[in-house]
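Below you will find the structure I want to go over with you.
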Amino acid sequence: MGRKIAVIFPGIGYHTDKPLLYFSKRLARQHGYEIKDVPYGGFEGNIKGDSTKMYAAFESAVAQCEELLQDVDFAAYDSILFISKSIGTAVAAAYAARHGIRTRNIFFTPVQQSFQVMKDEGILFHGTADPWLDHEVFLEECGKTNYSYYLVEGGNHSLETGDALKDLDNLRWMMETVDRYMKKK
């Protein structure tokens, strides 16, 4: 296998050192991926439920990605994995589409707008109590795709339930799922 790169697209308040992205990065590194964080930021507050602010944050993040990833020669890699969280799922998919990059994807807690741009293969994780994307809407959007998805019963937008030990168990099975996905060609 040739060169591999994993690009990490965080959420608005969910940076790459939080559990889902932190452990996904560690697994990717173990599988031989070079890691590239995309630390965009500087977003307005109170974005949830405000489509204008959400779109502005999305556009800002994509513009920052253009700058942050400008020196990455994606053609030099045999395997490109995008790992994204929340609004980062839309940013990752839009960036790949704009640049004609074929990616494999791990989408954590996509927002509804993500489904408009997600095209390349991937797996999705969603909490049934995610206040950013209603569970029924998530299921409806997934029904229009071929994506495999994994649910965290009672999970919020961080895929946490409020029960620390249950959250650790959930984190383990999610990372085992991520690990299996990374091993597949």
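The values are calculated or read from the model by the stated rules, or taken from the named source; none is laboratory data. Only a predicted model underlies this, so the values are computations on that prediction, with no experimental measurement involved. Glycine also receives a Cβ, built like all others from the backbone with ideal geometry; neighbour counts cover every protein chain displayed. What goes into the accessible areas is simple: the full protein's heavy atoms, side chains included, and nothing from ligands, DNA or RNA. Shrake-Rupley method; radii C 1.70, N 1.55, O 1.52, S 1.80 Å.
Open to solvent by less than 20 Å² (accessible area, probe 1.4 Å), within 22 Å of residue 99 (Cβ to Cβ) and in contact with a Pro (Cβ under 7 Å, 6 or more places away or on another chain): is that true of residue 69 in this structure?
no
Within the stretch 41-61, does at least one residue satisfy the condition of being open to solvent by less than 30 Å² (accessible area, probe 1.4 Å), closer than 12 Å to residue 7 by Cβ and out of contact with any strand residue (DSSP E or B) (no Cβ under 6 Å at 6 or more places or on another chain)?
Within the stretch 41-61 (the criterion being open to solvent by less than 30 Å² (accessible area, probe 1.4 Å), closer than 12 Å to residue 7 by Cβ and out of contact with any strand residue (DSSP E or B) (no Cβ under 6 Å at 6 or more places or on another chain)), the answer is no, since none of the residues qualifies.
Residue pairs, Cβ under 7 Å, 6 or more apart or interchain, first in the stretch 149-169 and more than 15 Å from residue 107 (Cβ to Cβ), second open to solvent by 60 Å² or more (accessible area, probe 1.4 Å). List them.
Taking only residues 6 or more apart or on different chains, the pairs are 156/131; 167/160.
Out of 88, 127, 100, which single residue is without any contact (Cβ under 8 Å) to a residue 40 or more places away in the chain and touching a strand residue (DSSP E or B) at 6+ places or on another chain (Cβ under 9 Å)?
Only one candidate passes the filter, namely 127.
From (1) more than 18 Å from residue 3 (Cβ to Cβ); (2) in contact with a helix residue (DSSP H, G or I) (Cβ under 8 Å, 6 or more places away or on another chain), pick out the condition that doesn't hold for residue 102.
Status for residue 102: all satisfied but (1).
Now a separate question. Quick one: in the stretch 132-185, of everything that is in a loop (DSSP other than H, G, I, E, B) and among the aromatic types (Phe, Trp, Tyr), which residue is most open to solvent (accessible area, probe 1.4 Å)?
132
What pairs can you find where one residue is in the stretch 58-84 and without any contact (Cβ under 8 Å) to a residue 24 or more places away in the chain, the other is β-branched (Val, Ile, Thr) and in a loop (DSSP other than H, G, I, E, B), and their Cβ atoms are less than 9 Å apart, with a gap of 6+ or different chains?
75/101
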